[in-house]
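Here is the structure we will look at.
Quick note: the coordinates plus some simple rules give every number you see, no bench work behind them. What you are looking at is a predicted structure, and each value in this text was computed from that prediction instead of being measured. Cβ atoms come from the backbone with ideal geometry, glycine included; neighbour counts cover every protein chain shown.
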Amino acid sequence: MIRRSFLTASATALALPLLAAPVHARPRGGPPRVFVAGDSTASTYAAHEAPRAGWGQALDLFLGHGATVDNRALSGASSRSFADLGLLDGVLADLRPGDHLLVSFGHNDAKEYDPDRYTEPWSTYQSQLTAYLDGARERGAHPTLVTSVERRRFTDGGVPRESHGDYPAAMRALGAREGVPTVDLTALSLDLWGRLGPEDTKDYFLWLEPGGHPNYPEGVEDDTHFQAHGAIEVARLVARELKRLRVLPPRFTRRLGDPFPTPERALTWPDERPV
C-alpha cells in the first residue's frame, strides 16, 4: 500500500518545479498527447503485479502516428483525493495547448465512510470534476469525461447490473452542460459484460486459479480490477469512442479491431508503479 503522506510529499515535490516551466504549444497538427486522470481501474501496474492492469496502461496500443499516453491514474483515488494529493496540479502543469485530458473517477467517490475521498454525485462530485475541465481548458487542452467502468456484478439470472449509483448520470449531465465529450464507459462495459456472461468475464477481470500465475500463487478473485486481457478490451472501448466522438482525428487511432493473442506480452510493465 502506498502511504498517503508519501504521495502528498512526492506529488507536491513533482508539481512545484513544473509549475514554473514555460508552456509550449505542440506544432500545429502534431501528434496529440493524451493524459489520463483516474483511479485503479485505469492505472498502470508494476511487473510484480502482472497480469493486473488498468485500461490507461493499455490505451497506447490503440494510438498511432506519434500519439502518446501519459497515464497519471492512481489506485484508490477519487476526484477529490487526486486533487488534494497535488496530482491534478501536476497534470495541469504538464498540459500544453492541443493536449487531451481524460478524466475518469467515480469508484472511490462513492465511499461515504471516507471523507478524504467521498463526493456527493450531484454537488461536490460535479464541482470537483469541473476543476479538471476548467484547468485543462485554461491551458488550451481538450478535456474528455469518461464514466466509470462497471464492476463484474450479475443478477442470479446472469444479467449484469449497475453498481455506481448516480455517478455516471451526474458525469453525463456535467458533460452535456459544459459541452465536453463524454465516453459512457459505464454503459459500454455493461453491454460487454452482458454479452460475455458471468463465466467469460472472469477472463477479463483479475480471476486466477491457485498456481495459475507466479505473482498470485494462491490465486485471486477480483471483480473490480482487470487482468491484461480485460484492460486491453476496455481500452479498446475507450479508443473507439474517442474516434467516434471525434476527440481524436481518425489517423491517430489504430488496431481497433485487432486481436491480441498474448495480452500480457502486449503491455508494458514498469519495475514500479509510475504513480
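Observations on the structure shown:
- In order along segment 250-261, phi translates into HN-Hα couplings of x, 5, 8, 10, 8, 6, 5, x, 7, x, 10, x Hz, rounded to whole numbers, per the Karplus curve 6.51 cos²θ - 1.76 cosθ + 1.60 with θ = phi - 60° and x for Gly and Pro.
- Under-5 Å amide H pairs with Leu102, H placed in peptide plane, nonlocal only: Phe35, Val36, Ala37, Thr144
- Neighbour counts of C-beta atoms inside 10 Å place Asp116, Asp109, Asp60 in the sequence Asp116, Asp60, Asp109, starting with the fewest.
- Top positive-direction residue, dipole computed over the chain with Cβ charges, set Gly230, Trp122, Pro31: Pro31
- When the chain is treated as a GNM with alpha-carbon contacts under 10 Å, the residue of Val247, Val34, Val220 showing the greatest mean-square fluctuation is Val220.
- Residue-wise HN-Hα coupling along segment 177-189, computed from phi with Karplus coefficients 6.51, -1.76, 1.60 (Hz; x: Gly, Pro): 5, 8, x, 10, x, 10, 8, 7, 5, 4, 5, 5, 6
- Ordering of 208-215, 83-90 by burial proxy (mean other Cβ atoms within 10 Å per residue, highest first): 83-90, 208-215
- Electrostatic dipole magnitude of the chain [Cβ: Lys, Arg +1; Asp, Glu -1; Cα centre; debye, to 20]: 1220 debye
- Cα gyration tensor shape of the chain, rounded if a/c is under 1.5, else prolate or oblate by comparing a/b with b/c: rounded
- Amide proton proximity set for His225, modelled H, under 5 Å, gap of 5+: Leu206
- In the chain, a dipole from Cβ-located charges (positive for Lys and Arg, negative for Asp and Glu) runs towards its positive end, and of Phe105, Trp207, Ala173 it is Ala173 whose Cα lies farthest in that direction.
- Amide hydrogen proximity for Phe154: with H placed 1.01 Å from N in the peptide plane, the residues at 5 or more positions away or on another chain lying under 5 Å are Arg161.
- Our coupling estimate for segment 66-80, obtained by passing each phi through the Karplus curve with A = 6.51, B = -1.76, C = 1.60 and θ = phi - 60°, is x, 5, 10, 10, 10, 8, 9, 4, 10, 4, x, 7, 10, 4, 6 Hz, Gly and Pro reported as x.
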